[in-house]
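These notes concern the structure reproduced below.
The values are calculated or read from the model by the stated rules, or taken from the named source; none is laboratory data. Everything numeric in this text was worked out from a predicted model, so none of it was measured. Counting neighbours? That spans all protein chains shown, and the Cβs are built from the backbone with ideal geometry, glycine included. Each accessible area value is taken on the protein alone, full model and side chains, heavy atoms only, with ligands, DNA and RNA left out. Shrake-Rupley method; radii C 1.70, N 1.55, O 1.52, S 1.80 Å.
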Protein chains: 2
Amino acid sequence: MTPFSIAIHGGAGTILRSQMTPEKEAKYLAALKAALDTGYAVLEKGGSSLDAVEAAIISLEDCPLFNAGKGSVFNSEGRHEMDASIMYGKDLTAGAVTGVKNIKNPISLSRAVMERSQHVFLAGNGAEIFAREQGIAFEDDSYFFDQFRHDQWQQAQKEEGVFLDHNIAASDEKKFGTVGAVALDKDGHLAAGTSTGGMTNKKFGRVGDSPIIGAGTYANDNTCAISCTGHGELFIRSVVAYDISCLMEYKGMTLREACDEVVMNKLVKIGGEGGLIAIDRIGNVELPFNSEGMYRAYRKSDGNGGVLIYK
Amino acid sequence: MTPFSIAIHGGAGTILRSQMTPEKEAKYLAALKAALDTGYAVLEKGGSSLDAVEAAIISLEDCPLFNAGKGSVFNSEGRHEMDASIMYGKDLTAGAVTGVKNIKNPISLSRAVMERSQHVFLAGNGAEIFAREQGIAFEDDSYFFDQFRHDQWQQAQKEEGVFLDHNIAASDEKKFGTVGAVALDKDGHLAAGTSTGGMTNKKFGRVGDSPIIGAGTYANDNTCAISCTGHGELFIRSVVAYDISCLMEYKGMTLREACDEVVMNKLVKIGGEGGLIAIDRIGNVELPFNSEGMYRAYRKSDGNGGVLIYK
């Protein structure tokens, strides 16, 4: 049988067992499993890795637990500005959006940019105009309202005034909230996608690595599919996702060696906290992170799999 | 003496000798030479590659001949939306902006993002708010008005209605207007920067490769400094600038071999028209392009140099 596999993440950071209640933990595990199963079912039926990645990320975007889609954090204006990107390893096509508001599923908008525009990357109001033309689903602000996120934002405004760095804890939660998925389908094609609500109280239209092809997301049938979560600025400067692909293609590293080199060595040296999920062309899965925890799950057609939070 | 060098570009595309008047050609050559000399003078006095790159790009942004800064094309709303990025090879710091309006020198705003924010990449209104806080120079719309660009835009609107692809000629000019500079200073540090007004009549907040670290701009003291100009979507998907760095670092290619592989082979295969300027850590300069022409110039401390337009 042709191997196939999928991996997802729901963000990395200071996720400590000591700060987790059994109820909260159970909710996260169930949400990760639901998204994983949604994506795996697509692959099992012979669907494309692109469809599996989109389906898994929609499931995570629709869950208020994760900082993407419905669960997106508040920016400094009390709005929800989202970023997302998707890439197909079969033909290296890609789509991405940044700073979009009121889009129910930014990952689907990214895919529409990829498949139905002549562009790769659309920003802000322009991306929303394109979304309306394409019949992409919108939701009003109340859909994105969450009391916990709102309290986080209020505290961020109080603590930091005008500017909250993501390294500074807002309430008890210090994490890089982003969701992502990578998959290999039965036809041997890889795909990767990433979606995020960005930083709580973010200002200045800050763009992280999530919508950047090569930084937060990359897929190439010759090497691997990657989705990142972490300190976006350092991930951009390190071109993290494409770096792993290059280490495999040009230096002959295995997926594991390349992930170790980038996440546990290069990023650690510059203080680049976070992690990523990775699948190679034969279905190997790696889920490396250098932070305390990363919400993550994977399932392979050989029967292996898991849903994990801590180290 | 420690070698130092600088290279600049003013965009690539269908630039044919047959369509050029001697007067127009002389203007372009003079503007390129002025920008080159400005950057070279910084290096000669022992200034940093970062200062040289910024100074050369400011000179190009202030010249109405090039599609960046003052000479930026009109978007579909009749406005000028600009992108820019800069990266310093010494410490891999970087700054970038996309979709900014009324900024006199977007390259200087990119540098302010790099040096005075905690972020790498700021977009749209948010980037402009940051710019005002930092005392960055603004100009009103009339500063960016140019009759030739305006006529181009009118024709683009007439020809294409709602959407002009950059592959379709607007009047007699089919080119990827972008400016950039790369430099190696006497201390052995590399820097790269890119600035653009984007596509004539562009819609949907389209973002090209120019502000994307790894795609349009990259600098690393261990390998090279790169600034690209071309079909942005394909340059993003190919992560062009970082690909050259990886081919050198991981595969042991020379700067020339890496440039040939990416610009004359990989990009050509996918129809990725354009070019780039490149300098390595010992001051070698490459100016490869696969289009008809590229406005370009370079000068090395060993006395070599040139100001060129055609193949």
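At a glance:
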read-out: Cysteines without a disulfide-compatible partner [chain B; Cβ-Cβ under 4.7 Å]; value: B:Cys63, B:Cys224, B:Cys228, B:Cys259
read-out: Over chain A, relative contact order from alpha-carbon pairs under 8 Å, at least 6 apart, %; value: 26 percent
read-out: Per residue value of the accessible surface for the stretch B:5-310 (all protein chains in place, 1.4 Å probe), Å²; value: 32 Å²
read-out: Residues A:Gln134 and B:Asp151, FRET efficiency given R0 of 22 Å [Cβ-Cβ distance, rounded to 0.05]; value: 0.10
read-out: Calculated from backbone phi, Karplus (6.51, -1.76, 1.60) coupling profile of the stretch A:9-17 in Hz, x at Gly/Pro; value: 9, x, x, 10, x, 7, 10, 9, 4
read-out: Distances in nm from B:Leu16 to the matching label points in the other copies, shortest first (labels 7 Å along Cα to Cβ); value: 6.9
read-out: Residue of A:Cys228, A:Cys259, A:Cys63 that the Gaussian network model of chain A assigns the largest fluctuation, springs spanning Cα pairs under 10 Å; value: A:Cys63
read-out: Inter-chain Cβ neighbour average for residues A:92-102, partner chain, 10 Å; value: 3
read-out: Label point 7 Å beyond Cα along the C-beta direction, distances from B:Arg79 to other copies (nm, shortest first); value: 1.2
read-out: Cβ crowding within 10 Å averaged over residues, with A:251-257, A:123-129 ranked highest first; value: A:123-129, A:251-257
read-out: Cut-off 11 Å between beta-carbons: net charge of the residues surrounding B:Asp221, Lys and Arg +1, Asp and Glu -1; value: -2
read-out: Residues whose placed amide H lies under 5 Å from that of B:Gly293, excluding near-sequence neighbours; value: B:Gly13, B:Ile15
read-out: Averaged over B:126-135, number of beta-carbon atoms from partner chains that fall within 10 Å; value: 3
read-out: Amide hydrogen neighbours beyond the local backbone of A:Val207, cut-off 5 Å, H modeled; value: B:Phe121, B:Leu122, B:Ala123
read-out: Label 7 Å beyond Cα on the Cβ vector: B:Ser142 copy-to-copy distances, nm; value: 4.8
read-out: Of B:Lys33/B:Lys300; B:Lys203/B:Lys269; B:Lys27/B:Lys158; B:Lys266/B:Lys300, those spanning more than 23 Å from alpha-carbon to alpha-carbon; value: B:Lys203/B:Lys269; B:Lys27/B:Lys158; B:Lys266/B:Lys300
read-out: Which of B:Tyr40, A:Tyr298 is most accessible, then next, and so on - probe 1.4 Å; value: A:Tyr298, B:Tyr40
read-out: Mean-position separation - Cα centroids, the stretch B:8-53 and the stretch A:238-311, in angstrom; value: 43 Å
read-out: Residues of the stretch B:222-241 buried by at least 50 Å² on assembly (accessible area, 1.4 Å probe, chain alone as reference); value: B:Glu233, B:Ile236, B:Arg237, B:Val239
read-out: GNM result for chain B, Cα springs below 10 Å: residue of B:Gly274, B:Gly208, B:Gly46 fluctuating most strongly; value: B:Gly46
read-out: Over 39 Å [Cα-Cα, the protein assembly as shown], rounded percent; value: 24 percent
read-out: Interface size A-B, as summed buried accessible area [1.4 Å probe, Å², nearest 100]; value: 3600 Å²
read-out: Vicinal HN-Hα couplings computed from phi for the stretch A:219-236 (Karplus, 6.51 cos²θ - 1.76 cosθ + 1.60; Hz; Gly/Pro x); value: 8, 8, 4, 6, 9, 7, 10, 9, 9, 9, 8, x, 6, x, 4, 6, 5, 5
read-out: Computed lengthening from A:Ala41 to A:Asp91, 0.36 nm per intervening residue step minus Cα-Cα distance; value: 15.7 nm
read-out: Placed amide H near B:Ile103: partners under 5 Å, 5+ positions off or other chain; value: B:Glu139
read-out: Magnitude of the charge dipole, chain B, Cβ model with Lys/Arg +1 and Asp/Glu -1, debye to 20; value: 220 debye
read-out: Within 10 Å of each Cβ in B:111-121, the average number of Cβ atoms from other chains; value: 5
read-out: Cα-based shape type of chain A, given that a ≥ b ≥ c are square roots of the gyration tensor eigenvalues and the cut on a/c is 1.5; value: rounded
read-out: Vicinal HN-Hα couplings computed from phi for the stretch B:49-64 (Karplus, 6.51 cos²θ - 1.76 cosθ + 1.60; Hz; Gly/Pro x); value: 4, 5, 5, 5, 5, 5, 5, 5, 6, 4, 4, 6, 5, 7, 9, x
read-out: The stretch A:32-130: relative contact order in percent, alpha carbon pairs under 8 Å with at least 6 residues between; value: 19 percent
